[in-house]
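Student: Mind having a look at this structure? Questions to follow.
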Amino acid sequence: MLVTITATRPPDAEWPATDLGYLLAKNPASVQDFSHGFGRSRVFYPEATEQRCTAALYVEIDPIGLIKSRNLDSADFSLSQYVNDRPYAATSLLAGAIGQVFRTAIRGASKDRPELAAAEIPLTLHLPVVPASAALITRLFEPLGWTVRAAPLPLDPAFADWGDSRYCDVVLTGVRRVSDALSQLYVLLPVLDGSKHYWIDPSEVEKLLRAGEAWLPGHPDRELITRRYLGRRPTLVRSALARLAESDEVPESELDNAVASEEEADTPEPETETPHTSLATLRCEAVIAALKDVGGRRVLDLGCGGGALLRLLLHDRYFTEIVGVDVSARALQYAARTLHLDRQPAQLAERLTLKQGALTYTDASLKGYDAAVLMEVIEHVDPPRLASLEHAVFGAARPGAVVVTTPNVEYNARYETLEAGRMRHRDHRFEWTRAEFADWASGVAGRRGYAVEYRTVGEVDAELGSPTQLALFTVITGPTGEAGTGEHAGAAAGAGTAPTTEPTPTPTSATKEAN
């Protein structure tokens, strides 16, 4: 098995192409060998100049070792254990070697070239033998920004009448981060092959979410990828899709059918449970219901991410003005692209404004709106910065209502594949219990002149509560203490007033440090 990674230096770049060695943590001047349970691999550089540098990973299979590590689900046909395509086709064996050999590079870590590791550079990936159709290869890699050339390999060049094999010679070109390129190969090679050489257990969910964190939630075929990577095991697939729905970058909130049939499946998994509405969908529905309950037509979506909520607000004529704010310019570009703002009717597009900004800093342009939404945002803020967020949103911007949602850490016990003590997302700074969330929310309400009520989102467990918790703040006093007026004041009247004491913004017992 072989894969090559080529970096080409742009004309205006100051770095030599041989810096690829720093990004891969492999010296171009030496040949390095690695041992695996299924064989051995070698990294070498057939080309290393300032303009162009190529790293090659060659994997040699040990048939005996492969049998010992074989997928326990595979047919135990003795001849097929020795006569197969595993020695040369790019499969989960190559993915495993990539994960072991380039572990540091996949994390995006480079102590010598940290800025280059975070940059997108011109790359070419070559996989001479991929066991998949050109259509499927293109379907999986093209949405990730790659230009795909997948040429079917003939069964035998000497006998053209025999036709093509099921393998393709694949070349991927694009301007990507090296870490993204490697993580995509790590996940998608087993997906293309449709099988793995080892037993698939719940730990595979964590591997998938960790490796695909930067790109899988936004992939249009994330469900197909998840099903095939997890061997079409319904319980694991549903758990992974539920976790993906927690990501801010999910471009569509519909992840309804976790085990739907697929065109590429040889033996599609039958549906074992009735279809359910995803938590992402329920969360958006709950937020929109809360906005309508308080008469919020002019809305701020603070921390809008990839635009999952913006899409629904934009297509609901109830909302007359929508502003999406996020600190990430990349997220805003993604939202604009997925919302197709350049192709929307002017009457629709003019209702939406995308704005870059940090939620811990005040912005005078955000004042005067009916309502603001912080949907799955506060848990991404470092606890010491929550006081700044409180001031910027509830103090300076001071909308008539604020909707806040956040995970309920108690409910994590229901996620079978989430290890005890682990959070739902690697970027979460904390996850609160219901009592901790209520403590923070009531403190904010008391200090800022709001009433607060609490709602559940998702299936409610009698002991653990719901997976997402929601607080609806409605203004009851003006900035100087005068009573609120209008629709928001009326909505707040029945909600009760919050304490007026001045506790610390966030008790340390209410937070968890991210891993």
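Student: With equal scatterers on the alpha carbons only and no solvent term, can you work out the Debye log10 of I(q)/I(0) for segment 397-481 at 0.11, 0.13, 0.17, 0.23 1/Å?
Tutor: -0.35, -0.47, -0.73, -1.08
Student: First select every other residue whose beta carbon is under 13 angstrom from the beta carbon of residue 146; then total the charges, Lys and Arg +1, Asp and Glu -1. Each step should come with its number before you reach the end.
Tutor: Working: positive: 139, 149, 176, 177; negative: 120, 142, 180.
Overall, the nearby charge balance is +1.
Student: If only Cα atoms are counted, what is the Rg of segment 309-353, and what is its Dmax, in Å?
Tutor: When restricted to Cα atoms, segment 309-353 yields Rg and Dmax of 10.2, 28 Å.
Student: Over the residues of segment 85-151, compute the C-alpha Rg and express it relative to 2.2 N^0.38 Å.
Tutor: Against the empirical 2.2 N^0.38 Å value, I get 1.31 for segment 85-151.
Student: To continue, here is another question. What order, most packed first, do the peptides 31-42, 132-143 have when packing is the mean number of other Cβ atoms within 10 Å of each residue?
Tutor: Values: 31-42: 15.8, 132-143: 18.2.
Top of the packing list down: 132-143, 31-42.
Student: How long, wide and thick is segment 334-453, going by the Cα atoms along their three principal axes, in whole angstroms, largest first?
Tutor: Largest to smallest, the principal-axis extents are 49, 37, 24 Å.
Student: For a bin width of 5 Å, list the pair-distance distribution of segment 135-176 built from all Cα-Cα distances, rounded to whole %.
Tutor: 6, 23, 23, 17, 13, 9, 7, 2
Student: Show me 102-109, 374-381 ranked by packing, highest mean number of other Cβ atoms within 10 Å first.
Tutor: Working: 102-109: 18.0, 374-381: 22.9.
Top of the packing list down: 374-381, 102-109.
Student: So, one more: Please compute, for the alpha-carbon atoms of segment 1-58, the extent along each of the three principal axes and give them in descending order in Å.
Tutor: Computed over segment 1-58, the largest-to-smallest principal extents equal 44, 17, 15 Å.
All of the numbers you see were taken from the coordinates with simple rules; none came from a lab. As the structure is a prediction and not an experimental result, all values here were calculated from the model. Cβ coordinates were reconstructed from backbone atoms using ideal geometry, including for glycine residues, and neighbour counts include every protein chain displayed.
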